[in-house]
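The next block holds one structure in the form of structure tokens; read it before the comments.
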Amino acid sequence: MSHINVGQKLRFRNLLVVIKQTAYEEYSQLKLRGQAPKALRWKRLESRFQAHKQCVNDLLGILRHHQVNFSCVNRVELDRQHLADVDLIIAVGGDGTVLSSAHFLDHGTIPLLGVNSDPMVTKEDRSVKKKSDERRSHGALCMCTAVNMADGIAAVLYGGGKLGQRTRIHCTVKSTFSETRLVPALNDLLIANPSPAAVSRFRMGWLDPLHVDKNKPTPSSQYGTVTRFGGLPYDVKSSLNVWSSGMWVSTATGSSAAMTAAGGKEMENLESSDLQYLIREHMIENVDSNEEVKQKDNDMLVTGEKMHLRWNSQKGRIFIDGSHLTHNLELGDEILIDNNAPPLQMFERFDV
């Protein structure tokens, strides 16, 4: 247990601990209904469950030692009502638990601290050498692990630690009769047809605010395509019709994950406010310059720029930070994407 000098004051007094539901627990429920896959390796899953459970128990012991108020909630049961009077959230599990917790922090006023409960600690953990191997959580978004959390959490509770600001993606979807602002994405958005074998058709452009008299109709002949978001008029410029497998949009935080794997660039400055987009498997036909279009496949979306998509397929879906949180699209829906979501306060990796 970490030692803190007598007389030091707590920086955080009311904590919410968000606890991951492990694969062992989920499959155990399926097993009771006779629906668990036959190929599961129960001993390995149970071993990882026990490691996670031990980490949770150790964490609660640390919080009791420092006499802070806390409550616990399962990740799948987390709701905004749990955030009342909370001044710090600790997400225990892995990157998925951190992302799920971040989705409830719309305003970015409550800091988030991630604990990797079952970390990769050896080279063998990071590689698959035989069929029975299962890789553990990477924990890229976690401040500390089960190994060093006693020192890391003690430091944070008493005013230490590095609290960073992470840019998030703001996305608004405008349908025929509604306008929906999605939860801020910390890692990335995938905008695509629900079927990976189907073509994703959309028109991509950039929004330029129009300064016109609200009491007068906007002369569309003077501009290109005019649209509105939040009641404000925009001119859609530099439009490009796209047939592809969809589009990735990522923050600097998420650029090392799916974006890099899909062929994008890893952004070294994790606190950069820029976003990156990548068109997946862009099918280019009947254009004057293939290279000119190709240059638009992967680029940056900087502060002040607003991307506009007009969905031209019958069905579509926006995947927010993975597959668990989605929003369905229909033909004709319009999408606004920029970096204007409130940034997330997140504690950076703790190194002893």
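The values are calculated or read from the model by the stated rules, or taken from the named source; none is laboratory data. All values derive from a computational prediction rather than experimental measurement. Heads up, the Cβs are rebuilt from the backbone with ideal geometry, glycines too, and the neighbour counts pull from every protein chain shown. Just so you know, the surface numbers come from the protein's heavy atoms only, side chains and all, with ligands and any DNA or RNA stripped out. Shrake-Rupley method; radii C 1.70, N 1.55, O 1.52, S 1.80 Å.
Within the range 9-43, which residues are over 28 Å from the mean Cα position of the chain (by Cα), open to solvent by less than 80 Å² (accessible area, probe 1.4 Å) and touching a residue at least 60 places away in the same chain (Cβ under 8 Å)?
Within the range 9-43, Leu10 is the sole residue that qualifies.
Name the residue that is nearest to Glu179 (Cα to Cα), counting only residues in the range 317-333 that are in a loop (DSSP other than H, G, I, E, B) and either of a type in the set (Asp, Glu) or open to solvent by less than 70 Å² (accessible area, probe 1.4 Å) (or both).
Kept after step one, since they are in a loop (DSSP other than H, G, I, E, B), are these residues of the range 317-333: 321-324, 331-333.
Now drop any that are not either of a type in the set (Asp, Glu) or open to solvent by less than 70 Å² (accessible area, probe 1.4 Å) (or both), which leaves 321-322, 332-333.
Details: Asp321: 21, Gly322: 22, Gly332: 13, Asp333: 10 Å.
Among them, the one singled out is Asp333.
Inside the range 89-140, can you point out the residues that are open to solvent by less than 10 Å² (accessible area, probe 1.4 Å) and modelled with pLDDT under 90?
Gly139
Select from the range 244-257 the residues that are of a type outside the set (Ser, Thr, Tyr) and modelled with pLDDT of 95 or more and write down the one among them that is farthest from Asp338 (Cα to Cα).
My answer is Gly246.
Say whether the condition of being among the basic types (Lys, Arg), loosely packed, with under 12 Cβ neighbours inside 10 Å and within 28 Å of the chain's Cα centre (by Cα) is met by at least one residue in the range 65-80.
Yes: one or more hits.
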